[in-house]
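Undergrad: Please see the structure below; I have some questions.
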Amino acid sequence: MKNNIFGGAIWTDHALSRMKERGIPDDYAISTFKNPDTSKRNEGGLKLSKQIDDKTVILVIKKNEESEWLVVSAWMDPPMEGTKDFKKKQRYNEYRKGSLGKKIWLTILKQLGL
């Protein structure tokens, strides 16, 4: 992607950086935008989702002043292995299933940013 306009939409820097850090392939995001499985209203815009293989890709889009589609955020569930989101989900699952001592320890690590 050479600029922020492709696939029939304008992609914000935020959406592009989230795609990169979350390991979302460009073709997954474009496919979700062009042919979503579901579309729901979301705070002045739409939340699009599409099942691709074992992943669900989600985009939040809205129209700008010129009525052009603007992609404002993107994520994938389950997250790609090795990404920040994957580690966050793993830690949440550990916390949810953990003993009281484990929950306290994980809370301390989270507060320390580790």
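Undergrad: Can you list the helices (runs of 4 or more DSSP H) found entirely within segment 17-113 that contain at least 3 residues being within 21 Å of ILE5 (Cβ to Cβ)? Explain how you work it out, then say what you get.
TA: Numbers: elements: 26-34, 84-97, 100-112.
Helices (runs of 4 or more DSSP H) meeting the threshold: 26-34.
Undergrad: Still on this structure: Test each condition in (1) open to solvent by 80 Å² or more (accessible area, probe 1.4 Å); (2) closer than 21 Å to LYS87 by Cα for ARG22 and report the one that comes out false.
TA: Just one mismatch for ARG22, condition (1).
Undergrad: Starting from residues that are of a type in the set (D, E, K, R) and surrounded by 12 or more Cβ atoms within 10 Å (Cβ to Cβ), keep the ones in segment 91-114 and report whichever is nearest to ILE30 (Cα to Cα).
TA: Checking each candidate, the answer is ARG91.
Undergrad: Here's something else I'd like to know. Please find, within segment 7-19, the residue that is surrounded by the most Cβ atoms within 10 Å (Cβ to Cβ) out of those that are under 18 Å from LYS63 (Cβ atoms) and touching a helix residue (DSSP H, G or I) at 6+ places or on another chain (Cβ under 7 Å).
TA: It comes out as ALA9.
Undergrad: Let me ask something else. Within segment 32-60, which residues are open to solvent by less than 90 Å² (accessible area, probe 1.4 Å), touching a residue at least 24 places away in the same chain (Cβ under 8 Å) and charged (D, E, K, R)?
TA: Of everything in segment 32-60, just one residue is open to solvent by less than 90 Å² (accessible area, probe 1.4 Å), touching a residue at least 24 places away in the same chain (Cβ under 8 Å) and charged (D, E, K, R), namely LYS55.
Undergrad: Can you work out which of the residues in segment 63-90 that are of a type in the set (Lys, Arg) and surrounded by fewer than 14 Cβ atoms within 10 Å (Cβ to Cβ) is nearest to SER31 (Cα to Cα)?
TA: This residue is LYS63.
The values are calculated or read from the model by the stated rules, or taken from the named source; none is laboratory data. What you are looking at is a predicted structure, and each value in this text was computed from that prediction instead of being measured. Methodologically, a virtual Cβ is constructed for each residue, glycine included, from the backbone with ideal geometry; neighbour enumeration extends over all protein chains shown. Heavy atoms of the whole protein, side chains included, go into the accessibility calculation; ligands, DNA and RNA do not. Shrake-Rupley method; radii C 1.70, N 1.55, O 1.52, S 1.80 Å.
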